[in-house]
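S.K.: Structure incoming, see below.
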Amino acid sequence: MTTPLVASLGWTVSHRFYRIDRTRWRALSDEARRAALAETSAWLARAAAEEGLQLVPLAMIGKADVGFVAIHSDLWRHQQLAQELAATGLGACLEPVYSFLSLSEASEYMSTDADWARTLIDEQQVDPTSADFATKMANFRKRMTQYVEARLHPKLPENFPIVCFYPMAKTRGETRNWFTLPFAERKKLMQEHGESGRKYATRLTQLITTATGIDDWEWGVTLFAGDLKAIRDVVYEMRFDPGSALYGLFGPFYVGIRFGAAELPAVLRL
C-alpha cells in the first residue's frame, strides 16, 4: 500500500485529454468492444461515486475525443486514475493528447484586513471606532474565510455542462516582465482582473489552479458554463485588463461537454 502524498496546502488537480485510435478500436471483435465499453463505463461509475474524488468525464470538441478533470488530495490517486483508464479495453485504444497537473490555491493577491479597513475609512467614511466598523470587518473576515476554503478545497459545479480549460502564464519578455513588478502593482492589476471576472459569477464558475514548478505553464483555468458564449465573453473581456493585455500568455484551449458513465458509448459513437 502506497503512503498518501498529500500537499501541505490545497488539493491536487489533473486534466487529461485523449484521442481515440479508431483503427485499433474497429480491429476489436464486437464482443471485445462490448466488454471494453462495459468495463470503462463501470470504472467511470465507480470513480464518480468514490469518496474524496471529483471526476468529470468530458466529451471533447476539436483537439481531442475524450478527457477528464479530476480533483483528489492524494497525488498517488491521480497517477492511478490514468493507469486504471489505460488498463481498460477502451483505454488501450486511447492516445494521450494533453495533460496538466496543478494545485488548488488561494490567491496571494486577495484583499487583506488592512485593505478592507482602508476602504471602509477612506471610501465609505466609516468611523474606525464605531460598532458599524467592527461589524463590517467581522463580515469581511467571514467572507474571506469562505473564499479561501472554496479556493483551496473546490467543489466542482454540477449544473454547468460545458467545460473549457486552458493553461496560462505571465510574460518574462524584455520590455514586459510580470515578475519584476513590485508586489503592490501586481496586486492592483490582479484585483482589477478579478473584478472583471466577478461580473460573470451567475453565468459560469471558474477553477484557478497553480502549476509553477509542476507543469509547463504557471496556472490552469477551468471554466464551467451552460452557455458557450459566456466562456467567450469572459475571456474576451478579461483580456483587456492590463494584467492580461500587457502580461498574459495563453496556451491551447480545450472545450468539452460533461457526460455520465452510462452515456459513454453513445457520446463517443463507439
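S.K.: Going through the range 191-212 one residue at a time, which ones are open to solvent by less than 80 Å² (accessible area, probe 1.4 Å) and either modelled with pLDDT of 90 or more or among the acidic types (Asp, Glu) (or both)?
M.R.: Glu192, Leu204, Thr205, Leu207, Ile208, Thr209, Thr210, Ala211
S.K.: Mind checking whether some residue in the range 63-80 is open to solvent by 10 Å² or more (accessible area, probe 1.4 Å), assigned to a strand (DSSP E or B) and over 27 Å from Leu9 (Cα atoms)?
M.R.: So far as the range 63-80 goes, yes, one or more of its residues are open to solvent by 10 Å² or more (accessible area, probe 1.4 Å), assigned to a strand (DSSP E or B) and over 27 Å from Leu9 (Cα atoms).
S.K.: Let me ask another. What about Arg143, is it open to solvent by 60 Å² or more (accessible area, probe 1.4 Å), closer than 30 Å to Arg258 by Cβ and within 28 Å of the chain's Cα centre (by Cα)?
M.R.: The answer is yes for Arg143.
S.K.: Among the residues of the range 218-245, what is the count of those that are closer than 23 Å to Thr171 by Cβ and part of a loop (DSSP other than H, G, I, E, B)?
M.R.: 4
S.K.: When only residues in the range 43-70 that are of a type in the set (D, E, K, R) and touching a residue at least 12 places away in the same chain (Cβ under 8 Å) count, which is farthest from Leu90 (Cα to Cα)?
M.R.: Once the filter is applied, the top-ranked residue is Lys63.
Conditions (1) open to solvent by 20 Å² or more (accessible area, probe 1.4 Å); (2) assigned to a strand (DSSP E or B); (3) more than 26 Å from Val221 (Cβ to Cβ); (4) in contact with a Phe, Trp or Tyr (Cβ under 6 Å, 6 or more places away or on another chain), marked per residue:
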residue	(1), (2), (3), (4)
Pro4	yes, no, yes, no
Ala82	no, no, no, no
Gly89	yes, no, yes, no
Met110	yes, no, no, no
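S.K.: To continue, here is another question. Could you list all residues from the range 168-181 that are more than 21 Å from Gly251 (Cβ to Cβ) and open to solvent by less than 80 Å² (accessible area, probe 1.4 Å)?
M.R.: Leu181
S.K.: Determine whether Arg239 is open to solvent by 20 Å² or more (accessible area, probe 1.4 Å), among the basic types (Lys, Arg) and in contact with a Gly (Cβ under 8 Å, 6 or more places away or on another chain).
M.R.: The answer is yes for Arg239.
S.K.: Moving on to the next point. Check the range 207-215 and report whether any residue there is more than 12 Å from the chain's Cα centre (by Cα), in a loop (DSSP other than H, G, I, E, B) and without any contact (Cβ under 8 Å) to a residue 60 or more places away in the chain.
M.R.: Taking the range 207-215 as the starting set, the residues that turn out to be more than 12 Å from the chain's Cα centre (by Cα) are 212-215.
Filter again for in a loop (DSSP other than H, G, I, E, B), leaving 212-215.
Still in the running and without any contact (Cβ under 8 Å) to a residue 60 or more places away in the chain: 212-213.
Scanning the range 207-215 turns up at least one residue that is more than 12 Å from the chain's Cα centre (by Cα), in a loop (DSSP other than H, G, I, E, B) and without any contact (Cβ under 8 Å) to a residue 60 or more places away in the chain.
S.K.: Next question, about the same structure. Could you check how many residues of the range 207-243 are within 24 Å of Leu75 (Cα to Cα), in contact with a Ser or Thr (Cβ under 7 Å, 6 or more places away or on another chain) and of a type outside the set (A, V, I, L, M)?
M.R.: Number satisfying all stated conditions: 7.
S.K.: Right, here's the next one. Restricting to the range 7-41, what's the tally of residues that are surrounded by 14 or more Cβ atoms within 10 Å (Cβ to Cβ) and not in a loop (DSSP other than H, G, I, E, B)?
M.R.: Matching residues across the range 7-41 total 19.
S.K.: Pairs only if they're at least six apart or on different chains, beta carbon under 6 angstrom, first in the range 103-121 and within 26 Å of His15 (Cα to Cα), second open to solvent by 50 Å² or more (accessible area, probe 1.4 Å) and acidic (Asp, Glu); list them, first residue then second.
M.R.: none
S.K.: Within the range 148-155, identify whether any single residue is surrounded by 11 or more Cβ atoms within 10 Å (Cβ to Cβ) and farther than 16 Å from Thr222 by Cβ, and answer yes or no.
M.R.: yes
Matching residues to (1) of a type in the set (Lys, Arg); (2) under 27 Å from Arg269 (Cα atoms):
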position	(1), (2)
Arg26	yes, yes
Trp43	no, yes
Ala64	no, yes
Trp76	no, no
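The values are calculated or read from the model by the stated rules, or taken from the named source; none is laboratory data. Small disclaimer: the values here were computed from a predicted structure and weren't measured. Quick reminder, even Gly has a Cβ in these numbers, built from the backbone with ideal geometry, and neighbours come from all protein chains shown. Ligands, DNA and RNA are excluded from the accessible area calculation, which covers all protein heavy atoms including side chains. Shrake-Rupley method; radii C 1.70, N 1.55, O 1.52, S 1.80 Å.
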